[in-house]
Amino acid sequence: MALELTQAEQLIMKCIWLGDESLSIAEIVDILKYQYQKEYAHATVATFLTILEKKGFVEHFKKSHAYQYYATVREEEYKKAQLKGIKDNWYRGSTYCLMASLVGTEGLTEEEIKKMRKMLDEYSN
């Protein structure tokens, strides 16, 4: 399964990934509104969830009178796949080039530099 999502689909998944439990469409609409300041209609969210289910990202079950949706792809799995795609497509598979680009573009605080040095030391041992 290709782990590709549109920005709107990513936003819906971020809502689902926020909690450890399943969510109804109404709960997702509320999270979109209050957490991400996005006003999506119930029907719009339902359409995105149908697409996400076809893509294999979510499944649902009926609870009382509403469907509950839960993630079948973990957030970390999705992030790793996206990062690998960026690294492979834009940096010829080079982690070094990807990191150099991030550092050069974003800059790092002294604290971040210390953390990165520590992380690199741990990986090299």
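The values are calculated or read from the model by the stated rules, or taken from the named source; none is laboratory data. Keep in mind that this is a model prediction, so the values were computed, not measured. Quick reminder, even Gly has a Cβ in these numbers, built from the backbone with ideal geometry, and neighbours come from all protein chains shown.
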Q.
Would you confirm, using the coordinates I've provided, whether Val73 is β-branched (Val, Ile, Thr) and under 16 Å from Ser24 (Cα atoms)?
A. no
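So which of Ile16, Ile28, Ile12, Ile113 is touching a Cys at 6+ places or on another chain (Cβ under 9 Å) and of a type in the set (A, V, I, L, M, F, W, C)? Explain how you work it out, then say what you get.
Details: Ile16 fails: touching a Cys at 6+ places or on another chain (Cβ under 9 Å); Ile12 fails: touching a Cys at 6+ places or on another chain (Cβ under 9 Å); Ile113 fails: touching a Cys at 6+ places or on another chain (Cβ under 9 Å).
Residue meeting the stated conditions: Ile28.
I'd like to check something: does the range 16-23 contain any residue that is of a type in the set (Asp, Glu) and under 19 Å from the mean Cα position of the chain (by Cα)? Break it down into steps so the answer makes sense when it comes.
The first filter runs over the range 16-23 and keeps only residues of a type in the set (Asp, Glu), leaving 20-21.
Still in the running and under 19 Å from the mean Cα position of the chain (by Cα): 20-21.
Checked the range 16-23: at least one residue is of a type in the set (Asp, Glu) and under 19 Å from the mean Cα position of the chain (by Cα).
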Q. Consider Leu98 against the criteria (1) at pLDDT 95 or above; (2) of a type in the set (A, V, I, L, M, F, W, C); (3) in contact with a Lys or Arg (Cβ under 8 Å, 6 or more places away or on another chain): it satisfies all of them except one. Which criterion is unmet?
A. (1)
Q) Out of (1) touching a helix residue (DSSP H, G or I) at 6+ places or on another chain (Cβ under 6 Å); (2) farther than 17 Å from Ile12 by Cα, what's the single condition that is false for Glu112? A) (1)
**Q.** Residue list for the range 15-42, restricted to those being free of Cβ contacts under 8 Å to residues at least 40 places away in the same chain, within 18 Å of Tyr70 (Cα to Cα) and out of contact with any His (no Cβ under 8 Å at 6 or more places or on another chain)
**A.** Cys15, Leu18, Gly19, Asp20, Glu27, Asp30, Ile31, Leu32, His42
**Q.** Scope the range 1-42; condition touching a helix residue (DSSP H, G or I) at 6+ places or on another chain (Cβ under 9 Å) and of a type in the set (Gly, Ala, Ser); matching residues
**A.** Ala2, Ala8, Gly19, Ser22, Ala26, Ala41
Q: Mind listing whichever residues of the range 72-93 are in contact with a helix residue (DSSP H, G or I) (Cβ under 7 Å, 6 or more places away or on another chain) and among the small types (Gly, Ala, Ser)?
A: Gly93
Q) Just a yes or no: is a residue in the range 71-78 exposed (fewer than 12 other Cβ atoms within 10 Å of the Cβ) and among the hydrophobic types (A, V, I, L, M, F, W, C)? A) no
Q: Just give me the residues in the range 5-30 being among the acidic types (Asp, Glu) and surrounded by 12 or more Cβ atoms within 10 Å (Cβ to Cβ), in sequence order.
A: Glu9, Glu27, Asp30
Q: For residues that are more than 14 Å from Leu23 (Cα to Cα), not in a helix (DSSP H, G or I) and not small (Gly, Ala, Ser), tally how many sit in the range 58-93.
A: 4
